[in-house]
Every structure is written in structure tokens, then in C-alpha cells.
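J.: Here it is, the structure in full.
The values are calculated or read from the model by the stated rules, or taken from the named source; none is laboratory data. Please read all numbers here as calculations on a predicted model, not as lab measurements. Here the Cβ is made from the backbone with ideal geometry for all residues, glycine too, and neighbour counts use every protein chain on show. Surface areas here come from the heavy atoms of the whole protein model, side chains and all, with no ligands, DNA or RNA. Shrake-Rupley method; radii C 1.70, N 1.55, O 1.52, S 1.80 Å.
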Amino acid sequence: MQYPDYRPRRLRRNENLRSMIRETTLSPADFIYPLFLVGGTGVKKEIPSMPGQYNLSVDKAVELAEEAYELGIPSVILFAIPEAKDSVGSEAWNDKGIVQTAIRAIKRQIPKMVVIADSCFCEYTDHGHCGVITKGELDNDASLENLQRATLSYAKAGVDIVAPSGMLDGFVGATREALDGQAYDQVAIMAYSAKYASAYYGPFRDAADCAPQDGDRRGYQMDPANAREALREVTLDIAEGADIVMVKPALAYLDIIQSIASEIDLPIAAYNVSGEYAMVKAAALNGWADYDRVMMENLLAMKRAGSDMMLTYHALDAARLLSR
Ligand code: PBG
Ligand code: ZN
């Protein structure tokens, strides 16, 4: 059928017609809200490069998690800025660490909330790299042993999902092995499978105090020029036991999300990262963009590309809009 017999505008004439043919919808259940934890109590300090996001002590993080849960957001992912850093990041597997304490506190207060722990070392090492450094390079296999320690510590605290984010080779298999070896076979793995070496992580590195002191992360995170490699990474992670695979960042990588969605039958997560959030916020605060509409359009694009869930700093704002 062709114009003038077929007129696509017929079904665009009003909101009810449009809603009937809408292919993609957003729901608060699609969102995972990231929380940045710090020590102390009563701390809620705004992150300068991420207006509306905070460094939170555990008590304040629980309050915000409750607010998110009441808005229909089922899940939070936890990051921490530890009080002490060392060369291997040993605070990451301290059973009394900030993330472990927060896992216990959130599960106590909101038992049904799905709590995810990002498992990496860059926030915990004094050099800011995602593991142990040997002869100037990230030592893959030594870092995996520590990853297993941290994983088990989160599992003991009652985490629902662990999300290894360091882009180490074998990190999903090592995580699964550690969990199953201690009868934590119900703890799921969200793998940061296709994580690119991106400049969009800038604000996060301020928030989590985890910028590398020397060099960059191009020796372990993916080259933004590569698409086929993302499928290889995803395939490896699935073989190693990933339950959910992630693409990160989201907006400049929608092609990657789409190609994974067409090839893979596992749930896909997109990480709508700090720099993506900061750009929208900055434009909105300058009066150059309509915050609500740009935010929803971006989130919709991630879902339309094929992601089942989005890790996003917009979670509360978007959920509030959706509940109106
Ligand atoms: C740590 C980690 C990073 C992010 C999530 N986990 C930073 C990095 O790899 O440098 C980025 C999140 C964001 O920018 O919102 N491995
Ligand atoms: Zn890291």
C-alpha cells in the first residue's frame, strides 16, 4: 500500500491512537538505581558533576532506596568510597566494609529490594586501577583471586546479584566458581560484558574517587571502535555463567545493544552512565534542553534498542514522571 491509499498519519492523530500502536514503553521496573556510599552517618552530599546525585552514608542510602522502592524501582546497585585504600584494594573484601554494611541494612529494611553489588577494585586501590598491578600492568589472574574474595563477602552479606565490572578475562567464571563453591548458587551475575574505555565515565570517577593515578583503562576496557568484539565478550561471559549481560555506556553504543539483542537470548542491561546523565543535567540547568523529555527519550531509545533494564541516575526522576 502506498500514499494516498495508505496514510501513516491516520494513527497519529491523538494520544489514544498513538498509545495503541506504541511499540516500546517504559516502566519503573526497568530501572536500577546506583548509590554511592561513604562512611559515617547522616551524610548526603551532592556530587558536583552529577547534580541530584549524592554521596550517602548507609543510613541515608537506605532512605533513598526506600524512596526508590516506593516508586516501583525494584533494584539498586551499590558503589562505595572506602575510608582506606591500599595497593590491592583489600577493603573490598572486608566483611564489615561499607558495601557489605549497606547490603545488610537495605535487605533488613526492604527485604524484597534486589540489591546488586558492583564488584571491582578501582575505588579500593590507591593507584585507582581495577585490580592488582604487576610490572605496570593489571595482573589479571591475581586480580581474579581478589575478585572471588570480594564476591564471597558480598554474598555473605546477602546480596542478590553481583556485577563484576573490571573487564578482567575470566571474571564471570571466577565469580560463578566462588559463589557455587560456597553454596551461593542462587546469587546471580550481571556481567559488565561490553564495557568500553569511555570518556563518559568522568563524573563517576569524581563521585567514586576512582580515576587511575597513572595511565588509563584501555588495557582492559574495550576500544570504542569495536562492535564484533562486543559479541565475543558477551559470548565468553555467557559461557562462564552470566545471567544478565551489560553494555556500557548506553547512548553512544545503541548499535551494540541492538546487535547483542538480536544474537543473544539472555536479559540485557544498559548502563546509562554518569557522563550521559551529566550532559542532560547541564543542558537542562542552562535552560538549553527540556530535562524530562530528553531523559525519557534517551531511556526509551535504550529500551527500543533492545535492553531489558537500564542502570540510570535518572531512575527516581523518570519513575516519578511515569507514576503521574
Ligand atoms: C568501576 C566502574 C566505573 C563505572 C561503573 N563501575 C568507572 C570506570 O570503569 O572507570 C562507571 C559508571 C558511570 O560512569 O556512571 N569499574
Ligand atoms: Zn574498576
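J.: Out of Ala225, Ala270, Ala242, report the one residue that is within 17 Å of Ser165 (Cα to Cα) and either assigned to a loop (DSSP other than H, G, I, E, B) or basic (Lys, Arg) (or both).
T.: Only one candidate passes the filter, namely Ala242.
J.: Hey, can you tell me all the residues within the range 22-67 that are over 21 Å from the mean Cα position of the chain (by Cα) and more than 27 Å from Ala269 (Cβ to Cβ)?
T.: Residues satisfying the conditions are Gly39, Gly40, Thr41, Gly42, Val43, Asp59.
J.: Related question: For the range 38-55, check the following and say yes or no: at least one residue is within 15 Å of ligand 2 (Cβ to nearest atom), open to solvent by less than 20 Å² (accessible area, probe 1.4 Å) and of a type in the set (A, V, I, L, M, F, W, C).
T.: No, that holds for no residue.
J.: Further, regarding this structure: Among (1) more than 16 Å from ligand 2 (Cβ to nearest atom); (2) in contact (Cβ under 8 Å) with a residue 24 or more places away in the chain, there is one condition Gln186 misses while meeting the rest; what is its number?
T.: (2)
Residues checked against (1) under 26 Å from Ile110 (Cβ atoms); (2) more than 16 Å from ligand 2 (Cβ to nearest atom); (3) at pLDDT 95 or above:
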residue	(1), (2), (3)
Gly136	no, yes, no
Asp141	no, yes, yes
Asn146	no, no, yes
Ala150	yes, no, yes
Ser153	yes, yes, yes
Gly158	yes, yes, yes
Ile161	yes, yes, yes
Gly170	no, no, yes
Ala174	no, no, yes
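J.: From the list Lys112, Lys135, which residue is under 20 Å from the mean Cα position of the chain (by Cα) and of a type in the set (Lys, Arg)?
T.: Only one candidate qualifies: Lys112.
J.: Quick check: is even one residue across the range 312-322 among the hydroxyl-bearing types (Ser, Thr, Tyr), over 23 Å from Ile77 (Cα atoms) and outside any strand (DSSP E or B)?
T.: no
J.: Using beta carbons and a limit of 6 Å, which pairs, at least six apart or on different chains, have the first residue in the range 41-52 and touching a residue at least 12 places away in the same chain (Cβ under 8 Å) and the second one surrounded by fewer than 14 Cβ atoms within 10 Å (Cβ to Cβ) and in a loop (DSSP other than H, G, I, E, B)?
T.: No pair meets every condition.
J.: So is Ala230 more than 16 Å from ligand 2 (Cβ to nearest atom) and assigned to a strand (DSSP E or B) or not?
T.: Taking the combined requirement at face value, the residue does not satisfy it.
J.: Now a separate question. Output the residue which, of all residues in the range 96-133 that are assigned to a strand (DSSP E or B) and within 16 Å of ligand 2 (Cβ to nearest atom), is farthest from Leu78 (Cα to Cα).
T.: Once the filter is applied, the top-ranked residue is Ile133.
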